[in-house]
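Since every read-out is calculated from the coordinates, none of them should be taken as a lab result. On a predicted model such as this, the values are computed, not experimentally measured, just so you know. Note: ideal-geometry Cβ built from the backbone for every residue, glycine included; neighbour counts use all protein chains shown.
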Amino acid sequence: MAKLTGKTALVTGAGSGLGRAIAITFAREDATVILNGRREQKLQEVADEIGNDKTIVAPADVTDAAQIQDLVNQIEKTTDGKLDILVNNAGGVNAMGSIEDMTLDQWHSMFDLNLTSQFLTTKAFLPMLRQSNNGKLISVTSGMVNFFMKGMGAYSASKAAVEGLMKTVAEEEKENGIQVNLFDPLNATSEGNPQGKYDPMDLVSGLPDLAASSAIVEHGEVVKPDVS
């Protein structure tokens, strides 16, 4: 039996890279997958690749609170408000530079993309995850939290803030039956990191087990793929 039969999952940043890999992997385990991202054509390509009638294309910019509310409304209509799994994957690097050279606008932009997006989606979809009675929240972090490179200060700081935020959510929501994990995809290839070491499809095979667990496991922990 498929691991995610009867489950509905929202994957942000699902049009490429890690988000695409997670969406395809969850769909193969029979989940209804809601594909979110800013580029509707990319989302449709992933939906076509999945090739079933259970996939929902839901474009929205998750740094924009108004668009997230539209996304909530769409999901309430298309799934009757059912959501079991939220994957906060949207993010990336949209500004690089030394702290001396970085502008305040660039700093804010990086935090909006990587941190504010996860705050907004988490806040918006917690009520649905609570109703699931076995909600799963998986937020993508980065090894750059503990590995530092010149010009990447804003990115490292934004991902460190994500870890602090989600570990707090884990404490707040455990009594509501929501399991919260962070997922570190190591050096995965992506549009922003074409020279990455790992194909995203090779990194996400363990996530269906995490999302399917009937108990709260590895709660609040950073999970890494086994690439041995």
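Just flag the GluC sites (Glu not before Pro) in segment 109-206 sitting in loop per DSSP whose Cβ has no more than 15 other Cβ atoms within 10 Å.
Details: sites: Glu163, Glu171, Glu172, Glu173, Glu175, Glu191; in loops: Glu191.
Answer by residue number: Glu191.
With springs only between Cα atoms under 10 Å apart, run a GNM on the chain and tell me which of Ala161, Ala31, Ala211 wobbles the most. Judging by the Gaussian network model, the answer is Ala161. Local charge for Val140 was computed over the other residues whose Cβ lies under 12 Å away, with Lys and Arg +1 and Asp and Glu -1, and equals 0.
Electrostatic bookkeeping for Lys123 treats Lys and Arg as +1 and Asp and Glu as -1; over the other residues with beta carbon under 14 Å from its beta carbon, the sum is -2.
Computed as a quarter of the hull surface, the mean projected area of the alpha carbon convex hull for the chain stands at 12.1 nm².
In the chain, Cα pairs under 8 Å separated by at least six residues give a relative contact order of 20 percent.
Cβ under 13 Å from Thr5's Cβ, Thr5 left aside: what net charge do those residues give with Lys, Arg +1 and Asp, Glu -1?
Details: positive: Lys3, Lys7, Arg28, Lys54; negative: Glu29, Asp30, Asp84.
Result for the local shell: +1.
Among Gly17, Gly143, Gly51, the residue with the largest mean-square fluctuation in a Gaussian network model of the chain, with springs joining Cα atoms closer than 10 Å, is Gly51.
Straight-distance candidates among the aspartates and glutamates for linking to Lys3, with alpha-carbon spacing under 15 Å and chain neighbours fewer than 8 residues away dropped: Glu29, Asp30, Asp84, Asp209.
Helix 65-79 and the longest principal axis of the C-alpha atoms of the chain enclose an angle of approximately 20°. List the lysines whose Cα lies under 16 Å from the Cα of Lys159, skipping any in the same chain that are fewer than 8 positions away. Within the straight-line limit of under 16 Å, Lys159 reaches these lysines: Lys150, Lys167, Lys224. For Phe183, the amide hydrogen comes within under 5 Å of the amide hydrogens of Ser139, Val140, Thr141, Val223, counting only partners 5 or more places away or on other chains and with H modelled in the peptide plane. When the helices of the chain are scored as -39500 (n - 2.57) per DSSP H run of n ≥ 4 and the total is divided over every residue, the value at 222 nm lands at -12500 deg cm²/dmol.
Could you work out how far helix 153-173 tilts from the main Cα principal axis of the chain, as a 0 to 90 degree angle to the nearest 10? Helix 153-173 sits roughly 40 degrees off the main axis of the chain.
Relative protection proxy for 42-49, 23-30, from highest mean packing down: 23-30, 42-49 (other beta-carbon atoms within 10 angstrom). Candidate cross-link partners of Lys174 among the lysines, defined by an alpha-carbon separation under 16 Å and a same-chain spacing of 8 or more, comprise Lys123, Lys136.
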